[in-house]
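First the structure, in the form of structure tokens, and then the observations on it.
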Amino acid sequence: MFPFLLIFPIAQITPAPPQPQEIVQQQQVRPLPGELNSIPVFNSNSPEKVLKEGILLSTFPPEGKKVPTAHLNFSFKGRFDVFAHHVAEAPTPEDLRTLYLGIILHNPGKQAVTVNILQAASYLSQPDAPFMELPYQSENILGTVFAGPGDRVMNNVLRGQRQDTFPPQIIIPPGESRMLLNAPIPVNGLTPPLNGRSTLMRLWSNDTVYVASLAMFARTNSDGSDRSPTLEEWQNLLNNGELSGPRDKVPTPVEETNKPIIYGRVAGVAQGSEWKALLIDNSKTQHLTIPSPGQAFSYALSALDRGTLGTRQIQSAPMLVRYPDTAYRAHGNYGVQYSLTLPLYNNTQNLQTVMVSMQTPIKEDQLTKAGLRFLNPPAQQVLFRGSVRVRYKDDQGLPQTQYLHLVQRRGQQGEPLVVLNMRGGEGRLVEVDFLYPPDATPPQVLTVQTLDNASSTGSMK
């Protein structure tokens, strides 16, 4: 008899993921030329998660209102934008009522007011635009690539579209109000019972209007079914309600630089809907000289307090009016369009390969290593998720328009938006446009790099 031989399986040991390697791209980071325009933006983003009915943001006059401090007394006329980004969650597992987002316009005058809806879009996270894993870069000519409602909304507006749920204009009789949006954020049937809605509208009014965003649970019909709130019910909430909740974290005052910063969520009127920039060498030239072979330079995008990447430039839109417990600036510039023009010029006598890229370096205020810091592989956190439009002439001289959807994680160097082979002495115009999407985290940079054609050592992965 042979003894039994017991053989134990060897345990499978899963190797730990490799620690990211820090890559330093030693180069110049420049402040972005230009500035935000002066168009006011109704910016409703606090509280982000809404569990209680009430006023999200009101620019109505406080007179005659039950809670005067909930009304900021700011009127709009001419061009203005309306941005709203809120999340509904079931207050308890049993309470699966649908939360409605209402945006109301009021005409305080004695003549009818016409409000034109130039571009507009509003989407839910479920089912309109669920968050999903996407490649770092995808062609998006048809606008069908998106992840998250903010991403999809910015995609539409970048293309100049007005979603068909919005009329081309609203006429408001004197002294009356009209609903600009009366839209549900349902949670019933979702696991977890959580949903969000993002909205952006570009508007033009021929006379003064006031705007408010409000949150109200669905009302119940006599047969027990749900219905959307009526205009009268919204007006009653506006006149007699208080601020919605729960309130977000109170932001750190901008001047208090000796403590960790809480940026806060935005609820107020921000100044600026677009940042146009002509990127040139200096005021005496009309071109942007490409870097030397193997070199690069970058321009800060959406730079903010304690995240200027050494430029000392704050791009966050200033607040014209705000609630005291909300953000001091519109950090991140959600919904703001960046329109960047690069008249590239090859000042050498040789053919040069030039790349224009968007990147998400590690956030710093002062550059600790004389350049931008990246991680290989990038960290897990997705910090940018949105579409970029690039217009240029290709190497055959043909005009090109490309829409590219980007997903960038913290410390990601990014793939080129465009690669140009520029002859000696050649100029080439490149235009880059995007709307900064909700759920993104600043700052990013726009980088121009010339490859070292001799060794190809300067290329970015």
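See the values below:
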{"read-out": "Looking only at the range 314-360, and only at residues there that are within 20 Å of Val432 (Cα to Cα) and not in a strand (DSSP E or B), the one that is farthest from the chain's Cα centre (by Cα)", "value": "Asn346"}
{"read-out": "Lone unmet requirement of (1) hydrophobic (A, V, I, L, M, F, W, C); (2) part of a strand (DSSP E or B); (3) surrounded by fewer than 13 Cβ atoms within 10 Å (Cβ to Cβ) for Trp275", "value": "(3)"}
{"read-out": "Breaking point among (1) farther than 18 Å from Val50 by Cβ; (2) touching a His at 6+ places or on another chain (Cβ under 9 Å), for Arg152", "value": "(2)"}
{"read-out": "Scope the range 247-267; condition touching a residue at least 12 places away in the same chain (Cβ under 8 Å) and of a type in the set (Lys, Arg); matching residues", "value": "Arg247, Lys249, Arg265"}
{"read-out": "Selection status of Leu118, assigned to a loop (DSSP other than H, G, I, E, B), surrounded by 13 or more Cβ atoms within 10 Å (Cβ to Cβ) and either touching a Gly at 6+ places or on another chain (Cβ under 8 Å) or at pLDDT 95 or above (or both)", "value": "no"}
{"read-out": "Single residue of Thr257, Thr252 found to be exposed (fewer than 14 other Cβ atoms within 10 Å of the Cβ), in a loop (DSSP other than H, G, I, E, B), out of contact with any helix residue (DSSP H, G or I) (no Cβ under 6 Å at 6 or more places or on another chain) and not assigned by TED's automatic domain parsing to the domain that holds Val445", "value": "Thr257"}
{"read-out": "Among the residues listed as Leu451, Leu435, Leu406, Leu383, the single one being crowded, with 19+ Cβ neighbours inside 10 Å and more than 30 Å from Arg265 (Cβ to Cβ)", "value": "Leu451"}
{"read-out": "Near pairs, Cβ below 7 angstrom, 6+ apart or cross-chain, from the range 232-246 (on the phi < 0 side of the Ramachandran plot and assigned to a helix (DSSP H, G or I)) to any residue that is buried (at least 19 other Cβ atoms within 10 Å of the Cβ) and of a type in the set (S, T, N, Q)", "value": "Gln235/Ser177; Leu238/Ser58"}
{"read-out": "Selected residue (only one of Gly371, Gly427 is farther than 17 Å from Met154 by Cα and in contact with a His (Cβ under 7 Å, 6 or more places away or on another chain))", "value": "Gly427"}
{"read-out": "Residue that is surrounded by the fewest Cβ atoms within 10 Å (Cβ to Cβ) [pool: residues in the range 291-338 that are closer than 10 Å to Pro442 by Cβ and out of contact with any strand residue (DSSP E or B) (no Cβ under 8 Å at 6 or more places or on another chain)]", "value": "Gly307"}
{"read-out": "Filter result for Gly143 (surrounded by fewer than 17 Cβ atoms within 10 Å (Cβ to Cβ), touching a residue at least 60 places away in the same chain (Cβ under 8 Å), within 24 Å of the chain's Cα centre (by Cα) and more than 20 Å from Pro47 (Cα to Cα))", "value": "yes"}
{"read-out": "Among the residues listed as Pro135, Pro93, Pro62, the single one being out of contact with any Pro (no Cβ under 9 Å at 6 or more places or on another chain) and either surrounded by fewer than 16 Cβ atoms within 10 Å (Cβ to Cβ) or in a strand (DSSP E or B) (or both)", "value": "Pro135"}
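Table: residues versus (1) free of Cβ contacts under 8 Å to residues at least 24 places away in the same chain; (2) under 21 Å from Gln26 (Cβ atoms); (3) of a type in the set (Lys, Arg).
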{"site": "Pro343", "(1), (2), (3)": "no, no, no"}
{"site": "Asn347", "(1), (2), (3)": "no, no, no"}
{"site": "Leu351", "(1), (2), (3)": "no, no, no"}
{"site": "Pro361", "(1), (2), (3)": "no, yes, no"}
{"site": "Glu364", "(1), (2), (3)": "no, yes, no"}
{"site": "Ala370", "(1), (2), (3)": "no, yes, no"}
{"site": "Arg373", "(1), (2), (3)": "no, yes, yes"}
{"site": "Asn376", "(1), (2), (3)": "no, yes, no"}
{"site": "Gln380", "(1), (2), (3)": "no, no, no"}
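The values are calculated or read from the model by the stated rules, or taken from the named source; none is laboratory data. Every value quoted in this text rests on a predicted model; they were computed, and no experiment measured them. No Cβ is skipped: glycine too gets one built from the backbone with ideal geometry, and neighbour counts run over all protein chains shown.
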